[in-house]
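Colleague: Would you mind keeping the following structure in view while I ask a few things?
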Amino acid sequence: MTKKKKYTLRKFINDVHLWLGLGSGIILFLVCLSGTILAFEHEIKAAFAQNLVVEPSGEKLSIEELTTTLTKTHKGILTSITVPEKSNETYTFTIKENPRERRGTNLQVNPYTAETLVPEANPADAFCFFFFKMHRWLLLDSAIGRPIVGVATILFLILSITGLVLWFPKKVKWKNLKSGFKIKTKANWKRVNHDLHNTLGFYSLIFIVIMGITGLCWSFESYKNGLSDLIGAEIFNRSSPKFDFAENPDGVTASLPEVITTVNATLDYPGELSVNLPGERSAYYSVRKYNASNFSPVTYDAVYVSKAGAVLGVEKFSDKPFNVQVASLIRPIHTGEVYGFFSKLIYFIACLIATSLPVTGTLIWLNKMKKKKK
């Protein structure tokens with residue numbers, strides 16, 4: 001009479017890992033596949049976009065001249081202006097034809113001639129948007145797809161934790177442990193497939209966990225609020241700071257070039273400027289400046305200037321508390337943009353591995369099922 005094997009904790013963790021993986025495999029495959037492609041979304045779009053490079057000829061026209069010309073030819077309210085660092089790039093003017101519009105229309109303007117350059121339709125836009133909808137909503141209605149992706153992400157985090165436990169051998173010795181760090185390419189395909197799942201899953205684990213923890217902020221509002229409370233800083237904080245100041249007490253109004261000069265004097269380094277004009281949300285200029293030599297292309301310093309030209313406040317990213325910095329970088333931390341091309345490449349590889357895990361895991365299960373039948 002054969003003795004019945006005990007149902008151990010490791011066996012329980014293995015069953016959790018197996019059945020959660022099989023149940024969510026297809027969804028995780030689609031989410032990770034789309035995430036792999038979206039890691040280089042901007043580069044894909046740039047490869048197919050028309051290059052709007054301007055030829056520097058003489059001196060640039062002033063912001064006031066460009067604004068005057070633009071408002072004559074385009075109806076609406078000018079809300080923001082982006083001034084690039086390089087001399088051969090276009091200025092971006094954002095105009096809202098309807099005040100209820102969320103973002104408005106971006107117009108690319110030649111700063112030397114005030115000509116509005118209209119780029120050709122980019123075929124990569126539809127391609128990337130297709131995978132964006134797959135990544136966020138599985139191509140379903142957002143109200144249905146968003147929570148499904150959120151639940152699948154939670155399962156992926158559980159799979160990551162249980163996978164890490166199973167990665168460790170039963171007897172934790174270096175002789176047994178070191179096999180988990182490499183892939184035996186000369187072994188049979190079943191062993192290679194097992195190593196691809198086990199070893200590559202281990203190496204990509206930390207990045208998968210980071211993507212999962214940050215990605216849930218888009219799926220569940222309550223999770224986002226809870227994470228904000230946990231780190232002590234609001235995530236996706238789009239509110240404008242409040243200043244106690246008298247609005248134009250002397251009737252003096254600073255011109256836009258004067259505001260830009262003030263900002264450049266306050267933040268004395270080369271970089272792109274993004275100027276939000278006074279409007280319904282704020283009664284002052286809100287200017288972001290991206291340091292061209294910064295460690296991260298997505299971080300910026302901000303200067304707030306009154307209509308009279310007085311500096312109301314300066315917010316330097318390096319001076320913010322660490323928790324506030326993390327909260328403001330949730331999106332680039334999730335997408336891999338936080339360190340530019342280097343971090344994008346790492347995220348691309350990690351997402352590619354994550355895409356393969358449901359496939360290699362299913363093959364491991366099928367091989368075990370065949371072995372049991374024999």
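Colleague: Between a first residue in the range 18-44 that is within 15 Å of PHE348 (Cα to Cα) and small (Gly, Ala, Ser) and a second residue that is in a helix (DSSP H, G or I) and open to solvent by 60 Å² or more (accessible area, probe 1.4 Å), which pairs have beta carbons less than 6 Å apart while being 6 or more apart in sequence or on different chains?
Modeller: ALA39/PHE348
Colleague: Next up: Give me a count of the residues in the range 321-341 that are modelled with pLDDT under 95 and either of a type in the set (Lys, Arg) or open to solvent by 70 Å² or more (accessible area, probe 1.4 Å) (or both).
Modeller: Counting residues in the range 321-341 that are modelled with pLDDT under 95 and either of a type in the set (Lys, Arg) or open to solvent by 70 Å² or more (accessible area, probe 1.4 Å) (or both) gives 2.
Colleague: Are any residues in the range 309-337 touching a residue at least 40 places away in the same chain (Cβ under 8 Å) and of a type in the set (A, V, I, L, M), and if so, which ones?
Modeller: Across the range 309-337, the qualifying residues are ALA310, VAL311, LEU312, VAL314, VAL324, VAL326, ALA327, ILE330, ILE333.
Colleague: Looking at the structure I just gave you, is ASN294 within 22 Å of the chain's Cα centre (by Cα), at pLDDT below 90 and open to solvent by 40 Å² or more (accessible area, probe 1.4 Å)? Write out each step before concluding.
Modeller: Values: within 22 Å of the chain's Cα centre (by Cα): yes; at pLDDT below 90: yes; open to solvent by 40 Å² or more (accessible area, probe 1.4 Å): yes.
Answer is yes for this residue.
Yes/no per residue for (1) in a helix (DSSP H, G or I); (2) more than 24 Å from ASP15 (Cβ to Cβ); (3) not aromatic (Phe, Trp, Tyr):
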{"residue": "ILE144", "(1), (2), (3)": "yes, yes, yes"}
{"residue": "VAL149", "(1), (2), (3)": "yes, yes, yes"}
{"residue": "ILE154", "(1), (2), (3)": "yes, no, yes"}
{"residue": "ILE161", "(1), (2), (3)": "yes, no, yes"}
{"residue": "THR185", "(1), (2), (3)": "no, yes, yes"}
{"residue": "LYS190", "(1), (2), (3)": "yes, no, yes"}
{"residue": "ASP195", "(1), (2), (3)": "yes, no, yes"}
{"residue": "LEU200", "(1), (2), (3)": "yes, no, yes"}
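Colleague: Consider the range 169-190. How many of its residues are open to solvent by 80 Å² or more (accessible area, probe 1.4 Å) and of a type outside the set (Ser, Thr, Tyr)?
Modeller: So the first thing to find is which residues in the range 169-190 are open to solvent by 80 Å² or more (accessible area, probe 1.4 Å), and the list is 170-175, 178, 182, 184-186, 188-190.
Filter once more, keeping what is of a type outside the set (Ser, Thr, Tyr): 170-175, 178, 182, 184, 186, 188-190.
Looking only at that region, the number is 13.
Colleague: Let me ask something else. So which residues in the range 134-150 are over 15 Å from LEU33 (Cβ atoms), without any contact (Cβ under 8 Å) to a residue 12 or more places away in the chain and open to solvent by 50 Å² or more (accessible area, probe 1.4 Å), if there are any at all?
Modeller: If the condition is that a residue be over 15 Å from LEU33 (Cβ atoms), without any contact (Cβ under 8 Å) to a residue 12 or more places away in the chain and open to solvent by 50 Å² or more (accessible area, probe 1.4 Å), then LEU140, ASP141, ALA143, ILE144 are the ones that fit.
Colleague: Tell me yes or no: at least one residue of the range 232-254 is open to solvent by less than 50 Å² (accessible area, probe 1.4 Å), over 23 Å from TYR347 (Cα atoms), in a loop (DSSP other than H, G, I, E, B) and of a type in the set (Phe, Trp, Tyr).
Modeller: No: zero hits.
Colleague: Is it the case that the range 273-289 has a residue that's acidic (Asp, Glu) and either open to solvent by less than 60 Å² (accessible area, probe 1.4 Å) or farther than 30 Å from HIS135 by Cα (or both)?
Modeller: yes
Colleague: While we're here: Taking the range 79-106, which residues are assigned to a strand (DSSP E or B) and more than 22 Å from GLY271 (Cβ to Cβ)? Before the answer, list the steps.
Modeller: Let us first name the residues in the range 79-106 that are assigned to a strand (DSSP E or B), namely 79-83, 91-96, 105-106.
Hits for the range 79-106 are ILE95, LYS96, THR105.
Colleague: Residues to consider are GLU89, GLU85; find the one that is surrounded by 12 or more Cβ atoms within 10 Å (Cβ to Cβ), of a type in the set (Asp, Glu), in contact (Cβ under 8 Å) with a residue 12 or more places away in the chain and closer than 24 Å to GLY336 by Cα. If you could, list the steps in order and put the result at the bottom.
Modeller: On the way: GLU89 fails: closer than 24 Å to GLY336 by Cα.
Exactly one of GLU89, GLU85 is surrounded by 12 or more Cβ atoms within 10 Å (Cβ to Cβ), of a type in the set (Asp, Glu), in contact (Cβ under 8 Å) with a residue 12 or more places away in the chain and closer than 24 Å to GLY336 by Cα, namely GLU85.
Colleague: Continuing with this model, one more query. Taking only the range 9-50 into account, find how many residues are more than 15 Å from PHE132 (Cβ to Cβ) and not in a helix (DSSP H, G or I).
Modeller: 2
Colleague: For TYR223, which of the numbered conditions (1) open to solvent by 30 Å² or more (accessible area, probe 1.4 Å); (2) under 21 Å from THR360 (Cβ atoms); (3) of a type in the set (Ser, Thr, Tyr) fails to hold?
Modeller: With (1) open to solvent by 30 Å² or more (accessible area, probe 1.4 Å); (2) under 21 Å from THR360 (Cβ atoms); (3) of a type in the set (Ser, Thr, Tyr) applied to TYR223, the lone miss is (2).
Colleague: Given the conditions (1) more than 20 Å from LEU38 (Cβ to Cβ); (2) open to solvent by less than 40 Å² (accessible area, probe 1.4 Å), and given that PHE131 satisfies all but one, which numbered condition is not satisfied?
Modeller: Result: PHE131 passes all but (1).
Colleague: Inside the range 117-128, can you point out the residues that are open to solvent by 40 Å² or more (accessible area, probe 1.4 Å) and either of a type in the set (S, T, N, Q) or touching a residue at least 40 places away in the same chain (Cβ under 8 Å) (or both)? So that I can check it myself, show each step before the final result.
Modeller: In the first step, residues of the range 117-128 are kept if they are open to solvent by 40 Å² or more (accessible area, probe 1.4 Å); the result is 118-121, 123, 125-127.
Residues satisfying the conditions are PRO119, GLU120, PRO123, ASP125, PHE127.
Colleague: May I pose another question? How do the helices (runs of 4 or more DSSP H) wholly within the range 300-374 filter down when requiring 3 or more residues that are over 30 Å from ALA233 (Cα atoms): which remain?
Modeller: Working: elements: 322-328, 330-335, 341-373.
Filter on the range 300-374 gives 341-373.
Colleague: Out of (1) open to solvent by 80 Å² or more (accessible area, probe 1.4 Å); (2) within 32 Å of the chain's Cα centre (by Cα), the odd one out for THR162 is which?
Modeller: (1)
The values are calculated or read from the model by the stated rules, or taken from the named source; none is laboratory data. All values derive from a computational prediction rather than experimental measurement. Cβ coordinates were reconstructed from backbone atoms using ideal geometry, including for glycine residues, and neighbour counts include every protein chain displayed. The area values use the complete protein model at the heavy-atom level, side chains included, leaving out ligands, DNA and RNA. Shrake-Rupley method; radii C 1.70, N 1.55, O 1.52, S 1.80 Å.
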